[in-house]
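Shown next, in structure tokens, is the structure this report addresses.
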């Protein structure tokens, strides 16, 4: 560069060549007045021109197709942006594609989501459409001989029965209710029925319907029988807690006997009722015969003998069973 | 840049006036310019395409608030340079990728300098670019980024020192100095190359 003018060193010459502002006020002729500076200027200028040309030539030859695609992509997202729902979808799709391409974890999550979505209709089919499997219900019948009870009957031990004052803790209404709703009572008379072989003796095996038609009357009779049994069992320790119930049951039995006698009824069940009455009378429980009407007593009289016979037979059978 | 994009041809002024044609023409004409600019700065071809797209999108979004205060191309290169810096920062903060061949162990560099080094293109990428680029491009790739940017903006894009100073946010004197050193080093590299070639032969 110029050795005579330190103002125009290489840096300044370069600035003069490249920067318009540096050229202001310094025409080329002024610089080229010095031959060596002119040569230096021409040399640097040629170098810069060569570099510029070569670099620009490089930038003019990128892959044309990818460049066109890039331009299309830019225009699609700027001046030619599709503002309809299709454009929105394309935008979201493009975003998802980019994200999926850049993250392995996201790809795994997306694949998992796809699998779950694909499985959903199958689960829906089994959950809502497919017929429910029919439940299999099996009944286990008790093994053993016909007529034999499927359990062992245990007679109450008199010594273990509680001693209570008559009527303690029991109202009349509760006692009456117990005749119709007491599950234990129903169970007891059913047991009693079987225990005394009544099903066979009186032909009650016609089926549950016949049996149920008689249920309330038969239940009353057998309930009385059961209570009398308990009364006998607890005789050694005094009057038991069932005494008030027995009183009420006998009251009901009395009114039933009165109704039956008034209607002139006659059947196997009347014999049973008579036997229960007879047994109560002998045990000294409940109301006396005097409380029955004359008509009722006359109706009852012919039935007492068979009832007594049945009572004795049943007692004998029970004793035999116990002995066995 | 292949043309002037100022006054009535300013793409953003036209856009604001409802005329997209200059912007579209600018995109079609200058995509290759920006692509080459980013490639020379060290971006891979995919990265360069992303960056070019980012620049155009940023320009498009600036249309509403744009106030022309100089040549449009200077403004466009300012956006491009910012996009490049953002890219560099993102790369620097991202974990290093073993596939680049820089750190097979996958250990993350903790020092900022190490992170910056990690964000630079790997040797394989540099070698690939040298093969792709011509003699000058390859030599330019050996300059520091500061020198490369000044040379690129001043010599190739023909921006004034003042514009370069505004783009790079450095004093004009620094631009002048960097340009001088960039040219001197580039000349040295280009003069050295034939001698190296002869020696190898």
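Are any residues in segment B:53-66 part of a helix (DSSP H, G or I) and either in contact (Cβ under 8 Å) with a residue 24 or more places away in the chain or surrounded by fewer than 17 Cβ atoms within 10 Å (Cβ to Cβ) (or both), and if so, which ones?
B:54, B:55, B:56, B:57, B:58, B:59, B:60, B:61, B:62
Residue A:22 versus (1) farther than 30 Å from residue B:19 by Cα; (2) without any contact (Cβ under 8 Å) to a residue 24 or more places away in the chain; (3) more than 11 Å from chain B (Cβ to nearest Cβ); (4) not in a loop (DSSP other than H, G, I, E, B): which is the lone unmet condition?
Residue A:22 satisfies every listed condition except (3).
For segment A:42-64, name all the residues that are over 22 Å from residue B:189 (Cβ atoms) and assigned to a helix (DSSP H, G or I).
Within segment A:42-64, A:64 is the sole residue that qualifies.
Among the residues of segment B:27-41, is there at least one that is in a loop (DSSP other than H, G, I, E, B) and at the interface with chain A (Cβ under 10 Å from one of its Cβ atoms)?
So far as segment B:27-41 goes, no, none of its residues is in a loop (DSSP other than H, G, I, E, B) and at the interface with chain A (Cβ under 10 Å from one of its Cβ atoms).
If I go through segment A:65-87 residue by residue, how many of them are exposed (fewer than 12 other Cβ atoms within 10 Å of the Cβ) and outside any helix (DSSP H, G or I)?
2
Every number in this text was worked out from the coordinates using simple rules, so none of it is lab data. Please read these numbers as outputs of a predicted model, since none were measured by experiment. Positions of Cβ are generated from backbone atoms using ideal geometry, with glycine treated the same way; all protein chains shown enter the neighbour counts.
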